[in-house]
Amino acid sequence: MANKLLLQLQQRLAQQQQQHLYRQLNVMQSPQGVEVIFDQQKYLSFCSNDYLGLANHPEIIQALQRGAKQYGVGSGAASLINGYSEQHQLLEQELAEFLQRDRVLLFSTGYMANLGIATALLQVNDRVFADRYNHASLLDSARLVSSKHQRYRHNDMQHLQQLLIKAQVESNTNHQCLIQSDGVFSMEGDFAHLLDLVKLSQHYQTWLVLDDAHGFGVLGANGRGSWENLALNQTQIPILMATMGKAMGCFGAFVAGSEPLIESLIQFARTYLFTTALPPALVMAARKSLAIVKKQAWRRQQLADNIHYFKRSAKQLDLPLLNSSTAIQPLLLKQDHLALEWSQRLWQQGILVSAIRPPTVAKNQARLRITLSTEHQTSHIDYLLEQLNKLYVNSTLKN
Ligand SMILES: *Cc1c(COP(=O)(O)O)cnc(C)c1O
């Protein structure tokens, strides 16, 4: 019996390999940064989400060390038992003030925050409307909770409206609806149509969740996120979620919103209730990181300059970039084997770029996901472009 089960697994694995979808772990031997070490060799990295170069920042490391001296390592329990420290409370207050929201609640990961929001607010007959290109954690949360989740075409507000109208006709008015969207789409690098999402959610009286994992810390005049320059408030975006593992260079996530929302998450979000709280030392590190995000606007400026430089040069080379103005710059190769091959070739030249294939993206949409950081030098970007250009001129893509 056991052998039969293992055989089935092996067949599935073999199939994955044949389809160029097999994934492999690479073992890193250095801190996160633009230069990292694998197998005793240096690589130039264009694949992390450490957009502001904070994952290995000396002041944040110090804060973590001080935190460990003061509070030890493990938080030891879930927040509602006794894992919630004064440091957690301070970080929540500082985030709420920064984001101009009533209250913030920390979660252990972004994945769990998204699952927690949906499970706390919805019942099985409630509806979720999700952008087709949303992050997997949002899509999973919709699948987990609602028997009536629907995906609308990427950023297609007319399609979303059609689904909302249909739901309104079919639905009993006691049913709740929730619209979910990434603020910056993680595999496209483009923005959600925030003003339209706000308008639709208000008109059809639905909840709106904005997952700003890739906007928080990076976008807006002060780094508040993808909504900052539109000055969208808590009434317009009632559920704001973001993570601390990307631009903040730390770990964990949070949800920001009204008092009743946050209280409901504390009472009903199972991924909050039944998991160990973030270690207090890590929370101290996140507090330091937030202070740096607020204070050092030059990091966002430098990142913006790097993005601009990369895009301009890539355009001159005619590389098939998607239309993104964020730190996520996807290069569309379409075929899975091409994405894999290019990523392997770049690896041989000392460059790390991840190949993104289905199911992370749709079929025939395989790509390289190039991410830029504040810490990249012009010479780093030039070297990447030189290697990409070599691959491009030798490929069948160029005609
Ligand atoms: C990374 C990411 C998450 C998950 O956050 P983790 O803290 O890594 O679990 C959720 N949503 C989006 C859009 C993300 O990019």
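The values are calculated or read from the model by the stated rules, or taken from the named source; none is laboratory data. Since this is a predicted model, take the numbers as computed values, not measurements. Cβ sites come from the backbone with ideal geometry, for glycine too, and all protein chains shown count toward neighbours. When the accessible area is computed, the model is the full protein with side chains, heavy atoms only, and any ligands, DNA or RNA have been set aside. Shrake-Rupley method; radii C 1.70, N 1.55, O 1.52, S 1.80 Å.
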Would you list the strands (runs of 3 or more DSSP E) that sit entirely within region 27-133 and hold 2 or more residues that are within 16 Å of the ligand (Cβ to nearest atom)? 103-107, 127-131
Residue among 291, 277, 327 that alone is in contact with a helix residue (DSSP H, G or I) (Cβ under 7 Å, 6 or more places away or on another chain) and either assigned by TED's automatic domain parsing to the domain that holds residue 222 or at pLDDT below 95 (or both): 277
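Listed here are the residues, each with its yes/no results for (1) within 16 Å of the ligand (Cβ to nearest atom); (2) buried (at least 21 other Cβ atoms within 10 Å of the Cβ).
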site	(1), (2)
228	no, no
236	no, no
241	yes, yes
245	yes, no
250	yes, yes
255	yes, yes
261	no, yes
264	no, no
275	yes, no
Tell me, please, whether a residue that is within 16 Å of the ligand (Cβ to nearest atom), over 17 Å from residue 84 (Cβ atoms) and in contact (Cβ under 8 Å) with a residue 24 or more places away in the chain can be found in region 286-309. yes
By residue number, the members of region 149-185 that are surrounded by fewer than 22 Cβ atoms within 10 Å (Cβ to Cβ) and within 16 Å of the ligand (Cβ to nearest atom) are 151, 154, 155
Based on this model, can you work out whether residue 243 counts as closer than 16 Å to residue 54 by Cβ and hydroxyl-bearing (Ser, Thr, Tyr)? yes
Hey, can you tell me all the residues within region 323-353 that are open to solvent by less than 40 Å² (accessible area, probe 1.4 Å) and either polar (S, T, N, Q) or part of a loop (DSSP other than H, G, I, E, B) (or both)? 324, 326, 327, 329, 343, 350, 353
Among the residues of region 63-70, is any under 30 Å from residue 328 (Cα atoms), among the hydrophobic types (A, V, I, L, M, F, W, C) and out of contact with any strand residue (DSSP E or B) (no Cβ under 9 Å at 6 or more places or on another chain)? yes
Could you please give the count of residues in region 20-64 that are in contact (Cβ under 8 Å) with a residue 60 or more places away in the chain, surrounded by 13 or more Cβ atoms within 10 Å (Cβ to Cβ) and polar (S, T, N, Q)? 6
Taking residue 137 as meeting all but one of (1) open to solvent by 70 Å² or more (accessible area, probe 1.4 Å); (2) within 16 Å of the ligand (Cβ to nearest atom); (3) at pLDDT 95 or above, write down the number of the exception. (1)
Number of positions in region 355-399 that are surrounded by fewer than 18 Cβ atoms within 10 Å (Cβ to Cβ) and closer than 17 Å to residue 32 by Cα: 1
Considering only region 222-232, I want to know if a residue exists there that is of a type in the set (Lys, Arg), in the same structural domain as residue 77 (by TED's automatic domain parsing) and within 17 Å of the chain's Cα centre (by Cα). yes
Just to be sure, is residue 298 in contact with a Ser or Thr (Cβ under 9 Å, 6 or more places away or on another chain) and open to solvent by less than 40 Å² (accessible area, probe 1.4 Å)? no
